[in-house]
2 protein chains.
Amino acid sequence: MSELQRRPTLMDVAEVAGVSRALVSIVMRGAPGAAESTRQRVLEAARQLGYRADSRARLLRSSRTKLLGLIFSSSQPFHSEIVDAAYAEASARGYEIALSAVASGRPEARAIETLLDVGAEALIIIAPTLSADDLAQHARQVPVVSLLRDNVGDLVDSVSSDDYAGIAIAVDHLVSLGHSRIVHVDGGAAVSSDRRRETYRSEMIRHGLQPVVVPGGPGEEDGMGAGQILQENLPTAVIAFNDRSALGIMENFRAAGIRIPEDVSVLGYDDSHFAKLSFVQLSSVSQDAPLLAAAAVGRAVDRIEGAKSPGSVVRTPHLVLRKTTTRAPAGN
Amino acid sequence: MSELQRRPTLMDVAEVAGVSRALVSIVMRGAPGAAESTRQRVLEAARQLGYRADSRARLLRSSRTKLLGLIFSSSQPFHSEIVDAAYAEASARGYEIALSAVASGRPEARAIETLLDVGAEALIIIAPTLSADDLAQHARQVPVVSLLRDNVGDLVDSVSSDDYAGIAIAVDHLVSLGHSRIVHVDGGAAVSSDRRRETYRSEMIRHGLQPVVVPGGPGEEDGMGAGQILQENLPTAVIAFNDRSALGIMENFRAAGIRIPEDVSVLGYDDSHFAKLSFVQLSSVSQDAPLLAAAAVGRAVDRIEGAKSPGSVVRTPHLVLRKTTTRAPAGN
DNA sequence: ATAGTCTTCTAGATCGTTCTAGTCGAACCA
DNA sequence: TGGTTCGACTAGAACGATCTAGAAGACTAT
């Protein structure tokens, strides 16, 4: 069995190249202050030894890790899309991302600790459930960016999607298709469920319509249950809290022989991977994960690199129309 | 605006507790050699200051981080289930997990580097796509455990599910229900697709049946496409490469008015979150994510803590019967 | 009393970097 | 000529932990 070999250090390279440690350091990180000829000699020595900087030592000294902590929930597919996009943006800005998941038996606080342990310079938390106070607590140590939630106090940055606008365009769209009996299946205890519900209510009233809210939740089964309730007095259109819930609603309708969109239009929220599938073709409000992720990474980097005051970025979502919404059936 | 305060160091704690740095170090890592009374005093001081050990400094000196690197693919829901379970097991064994995702534009090699940079003591890679040689290369630096793939050379540990057994029980089950025209929709270029396909072939032959393979892939759309082909000459049962593919197949059938399981039985693989949904009830081969995750974490920890030789653990999957499989229709 | 053993604690070296504050010539300037 | 500036380079102190060696005091054994 081959030994785990000790990796070469700056000192080793310095000896081979016949210069000091410090100079090798200068050359390795491309800093100015070395003659071109020696630079080449050092690089050659490094190559020959297979030298790779020990990031732990480097970071210990410079207290820079170029690491962004990202906290997501492993059970939310939409979060995965954000993670993907965040990687791209971070790497474009010269940062790496350290991930930590919130899972069953692993609360947000624990995820935060892990990320601080590995040296994250800022924290991006997707849909944080901690109280504004707790978040502020952490924000005293490192910049914290809340993604998809904006009522987080003024020590914490936030990047969110405009839920008012999202629900408003959803209602507008359905109204413009002639719907008047539009029901909202809410997200129960999920982050931003309250706001979407209330916005739905006021938008309906603004249009002179009667708001009806059916309790739901963020998962497929929640939608399934809501579908059952909806059947008792079928509306012509449903705005679901998210795509997963919409799926449950649609499955419930399908089982009962209710046609979509002929009998009921269904609108999702998130425009997730799932909504795009050819056999789903769910019309949905897109929060545009890549843009949100990019904005969050951008804020985090800006804060790390000196921006003093936290701020909040709000992006306007847009509607992606597919095949689950259509004109209201005649006679409604 | 309040300053971002410097995080407290051993020295700070030592001053507050009125002891030396070294003693604080002893207390913090629970090493023997401190009187109970001082231990309490130090712990209290640490708590009060909110002290957290700096893992970089610790690693630099001792090369212990108690950190396990876990690499998964953000687009695979099944991987998320493993991640969940891995967290639980790792924390039970006193380790933390550092995650790194493989995403578009972010190859496995990059994910590995990130994890080594934050100081992972071992790497667990879910369904690695790197060559056995490349994996062996990394295995010279840290223990590497391959999860869900076992042909990884003998420098790398592997924890996998027995694909032979999995497909065999799938075929056995369908045969015992009287099916003879059983088709396999394969996983295309996905890891372990080849093995499942070949096992399917030999199991069919063993039962004196004619194997038929339809090309597929790991996603819903792949299953959708395969469904189209299957319709041309409908079998009585289909074994899909995984649950996502099974979903696509079922949707295609449903659109064509083909009933499941009355007309065709469909069997998935992975027993994912999705298969369990009340309106899906997909019969599936379960690889038991929690057990696999626990085994992988176990191997990684064992290797870190001294086990010399890499080994491979193979777990036998089992069938989870729900509502998509039934007796073969009469006359087939 | 002397030596030996424990227990509890500490000083100082060390890990592999980066950073600060120089040194040492050579070139430049008036 | 003597002073300043500049470029190339280096010694040694950080960074925040762990580890080794050993000191100080209490206790035991002879």
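Count of region A:319-332 residues, restricted to those that are touching a helix residue (DSSP H, G or I) at 6+ places or on another chain (Cβ under 9 Å) and open to solvent by less than 80 Å² (accessible area, probe 1.4 Å), is 6. Across region B:28-69, the number of residues qualifying as open to solvent by less than 30 Å² (accessible area, probe 1.4 Å) and more than 9 Å from every other protein chain (Cβ to nearest Cβ) comes to 8.
Can you tell me which residue in region A:140-171 is surrounded by the most Cβ atoms within 10 Å (Cβ to Cβ), limited to those that are within 19 Å of the chain's Cα centre (by Cα), in a loop (DSSP other than H, G, I, E, B) and of a type in the set (Asp, Glu)? Result: A:150.
Taking the criterion of being within 18 Å of residue B:123 (Cα to Cα), outside any helix (DSSP H, G or I) and not charged (D, E, K, R), the residues of region B:303-314 that qualify are B:306, B:307, B:309, B:310, B:311, B:312, B:313. Restricting the search to helices (runs of 4 or more DSSP H) fully inside region A:1-94 and requiring at least 3 residues that are within 16 Å of DNA strand C (Cβ to nearest atom) gives A:10-17, A:21-28, A:36-49, A:55-62.
Does region A:100-117 contain any residue that is surrounded by 24 or more Cβ atoms within 10 Å (Cβ to Cβ), of a type in the set (A, V, I, L, M) and at the interface with chain B (Cβ under 8 Å from one of its Cβ atoms)? Looking through region A:100-117, at least one residue is surrounded by 24 or more Cβ atoms within 10 Å (Cβ to Cβ), of a type in the set (A, V, I, L, M) and at the interface with chain B (Cβ under 8 Å from one of its Cβ atoms). Taking region B:275-302 as the range and being open to solvent by 40 Å² or more (accessible area, probe 1.4 Å) and in a helix (DSSP H, G or I) as the test, the residues that pass are B:276, B:290, B:291, B:299, B:302.
The rows are residues; the columns are (1) more than 16 Å from DNA strand D (Cβ to nearest atom); (2) within 23 Å of residue B:316 (Cβ to Cβ).
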{"site": "B:61", "(1), (2)": "no, no"}
{"site": "B:64", "(1), (2)": "no, no"}
{"site": "B:81", "(1), (2)": "yes, yes"}
{"site": "B:87", "(1), (2)": "yes, no"}
{"site": "B:131", "(1), (2)": "yes, no"}
{"site": "B:157", "(1), (2)": "yes, yes"}
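Of the numbered criteria (1) crowded, with 19+ Cβ neighbours inside 10 Å; (2) facing chain B (nearest Cβ under 7 Å), the one residue A:89 fails is (2).
Take the conditions over 16 Å from residue A:268 (Cα atoms) and either over 27 Å from the mean Cα position of the chain (by Cα) or touching a residue at least 60 places away in the same chain (Cβ under 8 Å) (or both) and apply them to residue A:174. Does it pass? So residue A:174 does not fit the description; no. Condition test on residue A:111, is it assigned by TED's automatic domain parsing to the domain that holds residue A:296, under 19 Å from the mean Cα position of the chain (by Cα), assigned to a loop (DSSP other than H, G, I, E, B) and closer than 20 Å to residue B:100 by Cα? No: the conditions fail for residue A:111. Pairs meeting the criteria (first residue in region B:13-25 and within 7 Å of DNA strand D (Cβ to nearest atom), second residue open to solvent by 60 Å² or more (accessible area, probe 1.4 Å), beta carbons under 8 Å, at least 6 apart or on different chains) are B:21/B:11.
Only one of the listed residues (A:251, A:221) is open to solvent by 50 Å² or more (accessible area, probe 1.4 Å), touching a helix residue (DSSP H, G or I) at 6+ places or on another chain (Cβ under 7 Å) and either modelled with pLDDT of 95 or more or over 22 Å from residue A:169 (Cα atoms) (or both). That residue is A:221.
Taking into account only those residues within region A:60-75 that are closer than 17 Å to residue A:113 by Cα and modelled with pLDDT of 85 or more, which is farthest from the chain's Cα centre (by Cα)?
Pass one, region A:60-75, residues closer than 17 Å to residue A:113 by Cα: A:65, A:67-73.
Still in the running and modelled with pLDDT of 85 or more: A:67-73.
Details: A:67: 17, A:68: 13, A:69: 12, A:70: 9, A:71: 9, A:72: 7, A:73: 10 Å.
The selected residue is A:67.
Within region A:229-246, the set of residues being open to solvent by 10 Å² or more (accessible area, probe 1.4 Å), assigned to a helix (DSSP H, G or I) and away from chain B (no Cβ under 11 Å) comprises A:229, A:231. Residues in region B:27-40 that are more than 17 Å from residue B:52 (Cβ to Cβ) and near DNA strand D (Cβ under 9 Å from one of its atoms): how many? Selection size over region B:27-40: 2.
Are any residues in region B:247-268 free of Cβ contacts under 8 Å to residues at least 60 places away in the same chain, within 14 Å of chain A (Cβ to nearest Cβ) and not in a loop (DSSP other than H, G, I, E, B), and if so, which ones?
The answer is B:247, B:248, B:251, B:252, B:253, B:254, B:255.
Report the residue count in region A:161-186 for those that are over 19 Å from residue A:319 (Cβ atoms) and touching a Gly at 6+ places or on another chain (Cβ under 6 Å). Number of matching residues: 1.
Every condition in (1) out of contact with any Leu (no Cβ under 7 Å at 6 or more places or on another chain); (2) open to solvent by 20 Å² or more (accessible area, probe 1.4 Å); (3) among the aliphatic types (A, V, I, L, M) is met by residue A:135 except one, and the failing one is (2). Only one of the numbered conditions (1) acidic (Asp, Glu); (2) buried (at least 24 other Cβ atoms within 10 Å of the Cβ); (3) within 14 Å of another protein chain (Cβ to nearest Cβ) is violated by residue B:271, and that is (3).
The values are calculated or read from the model by the stated rules, or taken from the named source; none is laboratory data. Being a predicted model, the structure only gives us computed values, none of them experimental. Reconstructed Cβ throughout: ideal geometry from the backbone, glycine too, with neighbour counts over all protein chains shown. Note: accessible area is taken over every heavy atom of the protein model, side chains too, but ligands, DNA and RNA are not part of it. Shrake-Rupley method; radii C 1.70, N 1.55, O 1.52, S 1.80 Å.
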